[in-house]
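These notes are about the structure you will find just below.
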Amino acid sequence: MKVVILAGGYGTRISEESKFKPKPMIDIGGKPILWHIMKEYSHYGFNEFVVCAGYKQHIIKQWFADYFLRNSDITFDFTSGREEMTIHDQHCEPWKVTVVDTGLNTMTGGRIKRIQKYIGDEPFMMTYGDAVCDVDISELYEFHKKHGKIATLTATMLEQSKGVLNIGGDNAVKSFREKNVSDSAPINAGYMVLNPEIFDYIEGDSTIFEQAPLEKLVEQNQLMSFVYKGFWQCMDTSREKDILEKLWETGQAPWKVWND
């Protein structure tokens, strides 16, 4: 089963770094967050990826082109007057990666539609290239197979980060309290499983996947949620990047489900 990763947006909310590279290529612990996401899926045996690139897509392609050399011990021998290369040891992943230029201004649904020919007539995974999670992807897939619907998304709880106000009709604050667990709201965390029928719900490049396609699936009772209460964190801002970096540096990264 293939894993589709959306990696083509501009990443404007973290523009201090995304002006140089696509947001999925921003490093956490010296490796792009895209690599971290792929390592999660690979841990559960999913090793074939389709990366929906767009903005600065050449950087993603170049990174994978150099990946083998960067992760191998190599001797370059020029003593015979020509280059001879001996590979002693390599530490690469068992991945097959297709990087597709899905357009500069294409919306999320349009990017998925453009990679249809690389998916074929089979179910596939799909997630966003800017968030990590420690969800059990094998359990997610089994859940999807069992219910038989077209689409499954992982729903996680987004905690309220501010104090909660009770405001009366006269705009007077009637009460104030700090946030608690009951103030959390479920959100779409990505980590989806989609049947190939999903392509019929996407019109073209201007389709935002999270709008008309998902709304239509809801109307038809074809969208299920895999409710997950574990760790999930996106990287929309520098503050969120710092959170992930600190977790990685201190050895407390929950999404690191794989062994070194």
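Each value in this text was obtained by applying a stated rule to the coordinates, not by laboratory testing. Model, not experiment: these values are computed from the prediction. Counting neighbours? That spans all protein chains shown, and the Cβs are built from the backbone with ideal geometry, glycine included.
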Taking the Cα centre of the chain as origin, work out the dipole magnitude from +1 charges on Lys and Arg Cβ and -1 charges on Asp and Glu Cβ, in debye rounded to 20. 500
Check Val4: other-chain or 5+ apart residues with amide H under 5 Å from its amide H, H built from backbone geometry? Val50, Met125, Met126, Thr127
Two pseudo-spin positions, 7 Å from Cα along C-beta at His58 and at Asn188, lie apart in nanometres by 3.3
The stretch 61-86-the stretch 20-50 distance, computed between alpha-carbon centres (Å): 23
With r as the distance between the Cβ atoms of Phe78 and Phe199 and R0 = 45 Å, compute the FRET efficiency 1/(1 + (r/R0)^6) and round to 0.05. 0.30
By the C-alpha gyration tensor axes a ≥ b ≥ c (rounded if a/c is under 1.5, else prolate when a/b exceeds b/c, else oblate), the shape of the stretch 1-139 is prolate
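If you take the beta carbon distance between Arg70 and Lys117 as r and set R0 to 51 Å, what does 1/(1 + (r/R0)^6) give as a FRET efficiency, to the nearest 0.05?
E between Arg70 and Lys117, to the nearest 0.05, is 0.95.
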Between Thr86 and Gln211, the two model label points (7 Å from Cα along the beta-carbon direction) sit apart by a distance in nm of 6.0
Taking amide H positions as placed in the peptide plane 1.01 Å from N, state which residues far from Phe209 in sequence (5 or more) or on other chains have amide H under 5 Å from it. Thr108, Gly109, Gly110
